[in-house]
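What follows is a single structure, written as structure tokens, with notes after it.
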Amino acid sequence: MRWPSRPDAAFAVLAGIAGVAGSFAVAGYTRQFVVAPIDALVVRLSPGVIVAWMIQNVGEEAHLLHIGLSVVIAAGLLAGGSLLGQQIATRLDRPFLGAGLAGVLGWGVTVLITGEPLLAVGAAVPVAVVTGLGTTVSSAPDHSPTRRRVLRSGLGVLGFVGLSVGVDRFGGGTDGGDTDGADAGIDGATASAEVTQRLQQAESQSLDFASDDLPGLVSPIKDFYGVDINEFDPEVPSDDWSMTLTGEVESDVTVTFAELTDRPTEHRYVTLRCVGEPLNGKLLDNAVWTGTPLKPLLEAADPNGECGCAMLRAEDDYFVQFPVDALEDAFLAWGMNGQPLPKSHGHPVRVLVPGHWGETNVKWLSGIELLDEEMDGYWEQRGWHGTGPVNTVAKLWDTTALEDGRLELGGHAYAGTRGIDRVEVSTDGGNTWNDAELSEPLPGDDVWRQWRYVFEPSGAHDVVVRAVDGEGTMQAEEASDPYPSGATGWVRKTVER
Ligand SMILES: Nc1nc2c(c(=O)[nH]1)N[C@H]1C(S)=C(S)[C@@H](COP(=O)(O)O)O[C@H]1N2
Ligand SMILES: [Mo]
């Protein structure tokens, strides 16, 4: 095999990039995008220590690193196809066959990765076109115009990449049942009367903050935080969904989506908080969820395993192990703020376990296996202890200077099923404490509350906030990191005006 010349190699790289862009143009940011399965593999193969380190030190930007790597791998594979196509064609002494061969190889690679023969054409065509350009350029006799052409085609490819990104971002497209783009505040525009009543109740019970930056008592879908083990959400049509309770049970129980949504329906406020969030972080939100209790299904299956525990499994290969006792209070939700459950929040069905850390709220639920012996879940395998009840927290999300010279402090407080009894605020570093104003509790046994405290500042203040839960227990003062059992401590901040 001959070593590829520089323009050949350059065009192969461009062909790879163009192929990835083409795949993106036809598939969008979905699991059919050629990068998606590669990314899933990269994430799966990343050692747990690295993942834990990334979550703590790189935070939400960490996904850009593995996505970047996956894009490079995808482009590299398609570039390899382009080069191979060119080489075979050269060997056969038919250089102009190279484009066709490169296209076929690019198509084959993409089908192998995505399993989508039709959409793979979107990657194959740009690979063939750019490879063809390369062949034309290399076979051109003189040198300096060739260079110019290389440059021009390179710019063309970049233009194509830009265009496909633009088409996907702004042309709408392949969201399929997702309402993530739904309008803030009016998520419930098409909601049932009960959901609308709940959304209105949350609105009317929200404290009247001077600041517009604070979330209300219900988070609009577009603002609701998201934590996923995968970059690309599974796409599960409701009609294809069913879930089986199996394993250590008297009898397996299977429900389809139609059967599930036919069951007694409730609309509950449930607040979610991720164990991985920093003490004053924002991975804490509340929504009105529509669904049905899990308990009757559990009773029908009649678990008899030794550990009294179950593994919840999901379509994205996520899994959480959990005590059956706690599951008895769980809710299977298919609606969020009056919309069908959005793709990013687990369409079509997710679990909501009152009062436990976010990770137990399995999205894209695919099955519940009752066990004989305890086993680690996905995050527990990676060192987290995030299946238990949430820690009590009062967030300090608002420090707003009022026109009259006073300062408004505010935020949300949450203690899972224990509820929030009061929030105390100190403006002198913890020497003296005052009760904050609290929003009226919303109905439900796993809902946050808002707090607000306004005072007359003089100079700098060392503000500290802490919550007392419904059992009379004070939020733990000792500070600890989120890893492995959730952040503890009191939120402190120096404010001045
Ligand atoms: N199938 C599945 N379920 C999942 C996860 C996931 O990655 N896959 N993430 C969990 C974590 S860590 C949290 S905090 C919550 C977040 O739910 P949200 O994305 O709807 O806010 O979902 C949990 N359920
Ligand atoms: Mo989480």
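Close Cβ contacts (under 8 Å, 6 or more residues apart or on different chains) running from residues in the stretch 1-19 that are more than 19 Å from Val104 (Cβ to Cβ) and not assigned by TED's automatic domain parsing to the domain that holds Gly100 to residues that are of a type in the set (Phe, Trp, Tyr) and at pLDDT 95 or above are absent.
Whether a residue is in the same structural domain as Pro296 (by TED's automatic domain parsing), within 16 Å of ligand 2 (Cβ to nearest atom) and within 20 Å of the chain's Cα centre (by Cα) was assessed, and Asp223 does not pass this test. Just to be sure, is Leu298 within 16 Å of ligand 2 (Cβ to nearest atom) and not assigned by TED's automatic domain parsing to the domain that holds Pro441? So Leu298 does not fit the description; no.
When the strands (runs of 3 or more DSSP E) confined to the stretch 384-429 are screened for residues that are in contact with a helix residue (DSSP H, G or I) (Cβ under 9 Å, 6 or more places away or on another chain) and modelled with pLDDT under 95, none reaches at least 3 such residues.
Each residue in the stretch 185-222 was checked for being more than 16 Å from ligand 1 (Cβ to nearest atom) and either of a type in the set (Lys, Arg) or part of a loop (DSSP other than H, G, I, E, B) (or both), and 16 pass. Answer with yes or no whether Gly291 is within 17 Å of the chain's Cα centre (by Cα) and at pLDDT 95 or above. No, not satisfied. Among the numbered conditions (1) closer than 30 Å to Gln321 by Cα; (2) open to solvent by less than 40 Å² (accessible area, probe 1.4 Å); (3) assigned to a loop (DSSP other than H, G, I, E, B), the only one that Gly444 does not meet is (2). Only one of the listed residues (Asp404, Asp435) is open to solvent by 60 Å² or more (accessible area, probe 1.4 Å) and closer than 18 Å to Gln475 by Cα. That residue is Asp435. Within the option set Ile50, Ile88, being at pLDDT below 95, exposed (fewer than 15 other Cβ atoms within 10 Å of the Cβ) and among the aliphatic types (A, V, I, L, M) holds for one residue only, Ile50. Would you be able to say whether some residue in the stretch 164-172 is modelled with pLDDT of 85 or more and open to solvent by 40 Å² or more (accessible area, probe 1.4 Å)? Checked the stretch 164-172: no residue is modelled with pLDDT of 85 or more and open to solvent by 40 Å² or more (accessible area, probe 1.4 Å). Taken over the stretch 287-301, the residue count meeting the criterion of being crowded, with 24+ Cβ neighbours inside 10 Å and in contact with a helix residue (DSSP H, G or I) (Cβ under 8 Å, 6 or more places away or on another chain) is 3.
May I ask you to verify whether Asp462 is open to solvent by 40 Å² or more (accessible area, probe 1.4 Å) and not in a loop (DSSP other than H, G, I, E, B)? Taking the combined requirement at face value, the residue satisfies it. Residues of the stretch 223-272 that are touching a Pro at 6+ places or on another chain (Cβ under 8 Å), within 16 Å of ligand 1 (Cβ to nearest atom) and not in a strand (DSSP E or B): Asp223, Val236, Trp241.
Restricting the stretch 232-249 to residues that are more than 15 Å from Val349 (Cα to Cα) and open to solvent by less than 40 Å² (accessible area, probe 1.4 Å) leaves a set whose member that is farthest from ligand 2 (Cβ to nearest atom) is Val249. Taking every residue in the stretch 124-153 that is over 21 Å from Asp93 (Cα atoms) and at pLDDT 65 or above and pairing it with any residue that is of a type outside the set (Phe, Trp, Tyr) and outside any helix (DSSP H, G or I), at least 6 positions away or on another chain, yields no pair with a Cβ-Cβ distance below 9 Å.
The values are calculated or read from the model by the stated rules, or taken from the named source; none is laboratory data. For clarity, every value in this text was computed on a predicted model and none was experimentally measured. So basically every Cβ, Gly included, is an ideal-geometry build from the backbone, and we count neighbours across all protein chains shown. When the accessible area is computed, the model is the full protein with side chains, heavy atoms only, and any ligands, DNA or RNA have been set aside. Shrake-Rupley method; radii C 1.70, N 1.55, O 1.52, S 1.80 Å.
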